[in-house]
Each structure stands twice: as structure tokens, then as C-alpha cells.
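Report on one structure; see the data block that follows.
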Amino acid sequence: MTGLTPALSAPAGPGVRTVTDAVRRAAPALLAFACVRLLSLVVLAVWSRAAGSSPHQLLSARWDSLWYARVAEHGYGYTLDLGGGRVHSDLAFFPLLPWLERSLAACSPLSAADAGLLVSALSSLFAAWALFLVGERVYGRRAGIALAAL
């Protein structure tokens, strides 16, 4: 067990001493990620407008987002009979996202679906940061930035 201690106590990166330093070091990677995300949202908006639908509805009221919002608003226990013996149940969805949606919707003017979009956006930013840290540690800073952008 003592073999793990040095790795766990190692600094986050070269010259990183505080959270502010870590954010500054990751800023190019997070900016690249945000630009890619923004471009994808612009493409979605243009495409959905051409198709006569709403980008907001495509993100917050389709597929799994409906199931998560339903769990956040009403709890577990909903099933959908598809016929032919096929049944879909909301028990297939892990509870963390609906719990965060419900908590955020309870303390803000957001609906559960909109809270889910916000949680998703923030989570993706932290995931990009984590990818940057892994890439930086294994292959260097440029690799970390590329991983976060991709």
C-alpha cells in the first residue's frame, strides 16, 4: 500500500500548486473543448431550424433525457409496454443524474429537463478537464489539450 502513496501525493502537473494554477494550466484545453461544444450546438441549431424543430427540445425532451426527467420529477416505477412482451422500465437509469436534476430544479427556476442540460454541460467540462490531466501526465500538455478538444 505504501507504493501508492507517492503517486497519490504527486502534484497535478509541472508547477501546479493551487486550484487556480490548475485551472490556468488547463485553460487552453477547456477553451478548446468549449469551442468544439459551441460549434456542435450551432450546427444543431442550424440543422434543427432547417428540419422545423427546436434544438432545445432535441436536447431536453427526447430519448433518455425524457426518462431521466421523469425519474427526477416522479421517482422510479414507470414502465412502458411496447407490445410483443417488450417492456421498458426506468429502473435501467442510474439515480445520480435524476437526483442532481431534482435538486437543481428545486432550488432554481429551471425545470428538471433544463437542470439536466446544465448538469450535463458542467459534467462534460469536468470530464474534459480530467481528460486533459490524463493526457498531460501520460504524453504531455499538447496531448492533454488534444484529448480535451476531442
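The values are calculated or read from the model by the stated rules, or taken from the named source; none is laboratory data. All figures in this text were calculated on a predicted structure; none of them were measured in a lab. Positions of Cβ are generated from backbone atoms using ideal geometry, with glycine treated the same way; all protein chains shown enter the neighbour counts. These accessible areas exclude ligands, DNA and RNA; they are computed on the full protein's heavy atoms, side chains included. Shrake-Rupley method; radii C 1.70, N 1.55, O 1.52, S 1.80 Å.
Between 0 and 90 degrees, the angle of helix 96-106 with respect to the longest Cα principal axis of the chain falls at about 80 degrees.
In this simple spin-label model, placing a label point 7 Å from the Cα along the Cα-to-Cβ direction at both residue 123 and residue 38 gives a separation of 2.4 nm. Relative contact order of the chain, taken over Cα pairs closer than 8 Å and 6 or more residues apart, is 27 percent. With the charge dipole of the chain set up from +1 on Lys and Arg Cβ and -1 on Asp and Glu Cβ about the Cα centre, the Cα lying farthest toward the positive end among the listed residues 18, 115, 85 is that of 18.
Put a dot 7 Å past the Cα of residue 108, heading toward its Cβ, do the same for residue 66, and the two dots end up 2.4 nm apart. Between the stretch 105-150 and the stretch 15-48, the C-alpha centres lie 8 angstrom from each other. What is the helix-to-structure angle for 19-51, meaning the angle in degrees between its Cα long axis and the longest Cα principal axis of the chain, kept from 0 to 90 and rounded to the nearest 10? For 19-51 against the chain, the angle is about 30 degrees.
Taking the average, over residues, of other Cβ atoms within 10 Å as the packing measure, peptides 52-63, 131-142 rank 131-142, 52-63 from highest down.
Summing charges over neighbours of residue 74, with a neighbour being any other residue whose Cβ is under 15 Å away from its Cβ, gives -1 when K and R count +1 and D and E count -1.
For the chain, the longest principal axis of the Cα atoms and the long axis of helix 63-74 meet at an angle of about 80 degrees.
In the stretch 41-138, what percent of the accessible surface is made up of carbon and sulfur (1.4 Å probe, ligands and nucleic acids excluded)?
Answer for the stretch 41-138: carbon and sulfur cover 68 percent of the accessible area.
Checking (1) 26, 19, 17; (2) 24, 22, 17; (3) 36, 22, 15 against semi-axes √(5λ) of the Cα gyration tensor in Å calculated from these atoms, the matching label is (3).
Which FRET efficiency, nearest 0.05, do residue 49 and residue 19 yield, Cβ-Cβ r, R0 35 Å?
Once the sixth-power term is evaluated, E becomes 0.30.
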